[in-house]
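Some notes on the structure that comes next.
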Amino acid sequence: MKLFGKQGFVITAALIPVIIMAVVFFGTVSRKEQSNTPPPAACDLTEGWYGEDGSEIDSQHLPKGRVVMSHSLEDMDTKGRDICFKAKNTNIRVLFDGELVYEYIYSPVSPIFGKSYGTRVVIVPIHNNSSQVTLELEPLYENVAASVLLIKADSSAVYLNDLYQRELPGFSMCLLIYISGVLMMFIGVLTTRHSLNTDIDFYSLGAFAMLIGVYSSNETFILQLITERPEVVMYCAAVALMFISYFPVSFVASITHQRKSVFLPVLFALNYINFIVTTVLTIMGISDVQLMLTFSHVNIALALFMTFYLMWKALRRKKDKKDTLNMMVAGMSAAMTGAGIDLARYLLITDRKLSNSFFTRTGVLIFVTIMGIYLIRENTRTAVEKERSALMEKLAYTDGLTGLSNRRAFHRKENEIRTGSIECTIVQLDINDLKKVNDVYGHAEGDRHIRGAAEIISTSFEDTGICYRTGGDEFVVIAPGCTEEKVGKVLEKMEKTIAGYNAKNSPPVPLQIAYGSAVFTAKNDMLETAEQLADERMYQKKKQMKAQMAL
């Protein structure tokens, strides 16, 4: 079955980067305001905070534990503006001139989510004529610092729009990765349903892409804004990270024909142990989903080692397709290059316009795209070859005149019966007076005679056995697991069908089929003995039929 043509692959490969560039372009140009009158510029409140003792506080590097910090609003226009910021795993109280106007104390809706909520947006309208804003911050974990980012006095609509525009390219990348994973899973279903090449594990590639999409979308903050349930989004990302390490190893093992590697069951068990232990400890309040992420990172490090080992082993073995290994190396290089760029940005660039893992996601998308397109083409090529091989085999083992299996197929079945010690009933059949039909009425009429006999025999035994044409007028039926009594009933039905055929078609020589059967028992008989006995009984039947015709 040909899933895609060559042109389809070229178009698909070309469209994906175009879509990516279009999304990024949209994220840039859509910042233009719809109104001709732009809103007042936002007031950046990153600096200018002071503590209860009057000392200056760096809002980007808060001290550990509870923090109370204030900022003056006297020199700014606060009309129609809000205090807006992103808070991470921090309980928050907002006061204007000492009056409490907003409070968020995190309480999980389910113990399975743990002690933290991830990141959420806080927007508090500024009271008129307020001269000071105070934030009371308390981190959800002990011995860590509270976290507030992007603090501004701004219109809530503008602030949220800026957040959406800032994170849209990254989220679009996550969505593309997830969709590509769904596509791989769909292709896996197609290949399984149509019994195509099973050496390619599309399921593992698809699951890996989907988990990457789920995990990395947590960082973009779009889902948190849409759902307003950041703890759920964070938990889903954490679970995705727990299981993400298994699938690239499974994929590489399938591609390099190493599915029996001990790495797979070991890593599978480690993933589930990590999930079960984390869930139990989180529910019991002993630990937390976020605190247990280290174990997921350890599993990922192990998976990376296993992946490189399997590839190194495949390269040494030199039995795998070189093109496949080259494409895999190219794809993984793209993913690792993206991760390296993001690491360099994290260490060297403070003000990053794109999210921390943007280039990692880009590399993963390139990897999935390269491997997906290549593997689809390989799978399609293999499917075409398999269909061609099946067609050639069918031609080699099929009788051209009747469409039944031929003598070569019969001999193959004989070997299968001997090897597997299959008990069956052998039925030998022969068309009477075929030579007379050919000599008197021509071979065209003889062919019609043969086709009529073949159709009657195959129809009669369609639920009982397999019919073979082994000679010009000779047929054999092999009926596995059938008794002679059951075969006898089929033969009686066949005789009635022959009578109906003669009455309806009025052939110049009435169709007659002689038959004989014998049971083959693997423990007691030889197959040749059963075949010979069935042949003898068939000739006895032929003599009886000719004697009856002579009367």
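Going by what's in this entry, would Ala409 be described as in a helix (DSSP H, G or I), touching an Asp or Glu at 6+ places or on another chain (Cβ under 6 Å) and modelled with pLDDT of 80 or more?
When the stated conditions are applied, Ala409 does not pass them.
Here's a check for you: in the range 519-532, which residue that is touching a residue at least 40 places away in the same chain (Cβ under 8 Å) and of a type outside the set (Asp, Glu) is surrounded by the fewest Cβ atoms within 10 Å (Cβ to Cβ)?
Lys523
Please go through the range 127-159 and pick out each residue that is surrounded by 21 or more Cβ atoms within 10 Å (Cβ to Cβ) and part of a loop (DSSP other than H, G, I, E, B).
Listed by number, the list holds a single entry, Ala146.
What number goes with the only condition from (1) over 21 Å from Gly400 (Cβ atoms); (2) of a type outside the set (Gly, Ala, Ser); (3) surrounded by 13 or more Cβ atoms within 10 Å (Cβ to Cβ) that Tyr468 does not pass?
So Tyr468 meets the others, but not (1).
Please find, among Met328, Met311, the residue that is without any contact (Cβ under 8 Å) to a residue 60 or more places away in the chain, among the hydrophobic types (A, V, I, L, M, F, W, C), outside the structural domain of Tyr141 (by TED's automatic domain parsing) and within 30 Å of Asn379 (Cβ to Cβ).
Of Met328, Met311, the one residue that is without any contact (Cβ under 8 Å) to a residue 60 or more places away in the chain, among the hydrophobic types (A, V, I, L, M, F, W, C), outside the structural domain of Tyr141 (by TED's automatic domain parsing) and within 30 Å of Asn379 (Cβ to Cβ) is Met311.
Among the residues of the range 171-186, how many are of a type in the set (Phe, Trp, Tyr) and more than 15 Å from the chain's Cα centre (by Cα)?
Matching residues across the range 171-186 total 1.
Could you list, in sequence order, the residues of the range 63-88 that are touching a Ser or Thr at 6+ places or on another chain (Cβ under 8 Å), part of a loop (DSSP other than H, G, I, E, B) and surrounded by fewer than 21 Cβ atoms within 10 Å (Cβ to Cβ)?
Glu74, Thr78, Gly80
Just a yes or no: is a residue in the range 212-224 part of a helix (DSSP H, G or I), closer than 30 Å to Arg316 by Cβ and hydrophobic (A, V, I, L, M, F, W, C)?
yes
Regarding the range 204-223, can at least one residue be identified that is surrounded by fewer than 20 Cβ atoms within 10 Å (Cβ to Cβ) and either in contact with a strand residue (DSSP E or B) (Cβ under 7 Å, 6 or more places away or on another chain) or of a type in the set (Gly, Ala, Ser) (or both)?
no
So which residues in the range 101-111 are surrounded by fewer than 17 Cβ atoms within 10 Å (Cβ to Cβ) and either modelled with pLDDT under 90 or in a loop (DSSP other than H, G, I, E, B) (or both), if there are any at all?
Residues satisfying the conditions are Ile105, Ser107, Pro108, Val109, Ser110, Pro111.
Counting residues that are in contact with a His (Cβ under 9 Å, 6 or more places away or on another chain), which strands (runs of 3 or more DSSP E) fully inside the range 412-480 reach at least 1?
424-431
Got at least one residue in the range 251-264 being in contact (Cβ under 8 Å) with a residue 60 or more places away in the chain and over 21 Å from the mean Cα position of the chain (by Cα)?
The answer is no, given that none of the residues of the range 251-264 is in contact (Cβ under 8 Å) with a residue 60 or more places away in the chain and over 21 Å from the mean Cα position of the chain (by Cα).
Can you tell which of Asp535, Asp525 is in a helix (DSSP H, G or I), within 59 Å of the chain's Cα centre (by Cα) and in the same structural domain as Glu414 (by TED's automatic domain parsing)?
Every option except Asp535 fails the conditions.
Only residues that are β-branched (Val, Ile, Thr) and under 24 Å from Lys546 (Cβ atoms): list them for the range 462-519, please.
The answer is Thr470, Val476, Val477, Val487, Val490, Thr497, Ile498, Val509, Ile513.
Hey, among the residues in the range 405-451 that are on the phi > 0 side of the Ramachandran plot and touching a residue at least 12 places away in the same chain (Cβ under 8 Å), which one's surrounded by the most Cβ atoms within 10 Å (Cβ to Cβ)?
Within the range 405-451, the match that is surrounded by the most Cβ atoms within 10 Å (Cβ to Cβ) is Asp433.
Among (1) exposed (fewer than 15 other Cβ atoms within 10 Å of the Cβ); (2) within 24 Å of Val490 (Cα to Cα); (3) of a type in the set (S, T, N, Q), which single condition is Thr402 missing?
(1)
Among the residues of the range 471-486, write down those that are crowded, with 20+ Cβ neighbours inside 10 Å and at pLDDT 90 or above.
Asp473, Phe475, Val476, Val477, Ile478, Ala479
This table checks each residue for (1) at pLDDT 90 or above; (2) out of contact with any helix residue (DSSP H, G or I) (no Cβ under 9 Å at 6 or more places or on another chain); (3) farther than 22 Å from Ile212 by Cβ.
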| position | (1), (2), (3) |
| --- | --- |
| Tyr246 | yes, no, no |
| Gln290 | no, no, no |
| Ala314 | no, no, yes |
| Lys321 | no, no, yes |
| Gly331 | no, no, no |
| Ala335 | no, no, no |
| Leu347 | no, yes, yes |
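Looking for whichever is over 19 Å from Ser245 (Cβ atoms) and of a type in the set (Asp, Glu) here; the options are Glu219, Glu136. Which one fits?
Exactly one of Glu219, Glu136 is over 19 Å from Ser245 (Cβ atoms) and of a type in the set (Asp, Glu), namely Glu136.
What residue, of Tyr235, Tyr203, Tyr246, Tyr164, is among the aromatic types (Phe, Trp, Tyr) and under 22 Å from Val109 (Cβ atoms)?
Tyr235
The values are calculated or read from the model by the stated rules, or taken from the named source; none is laboratory data. As the structure is a computational prediction, the values presented were derived from the model and not from experiment. When we count neighbours, we look across all protein chains shown, and the Cβ atoms used for this are built from the backbone with ideal geometry, even at glycine.
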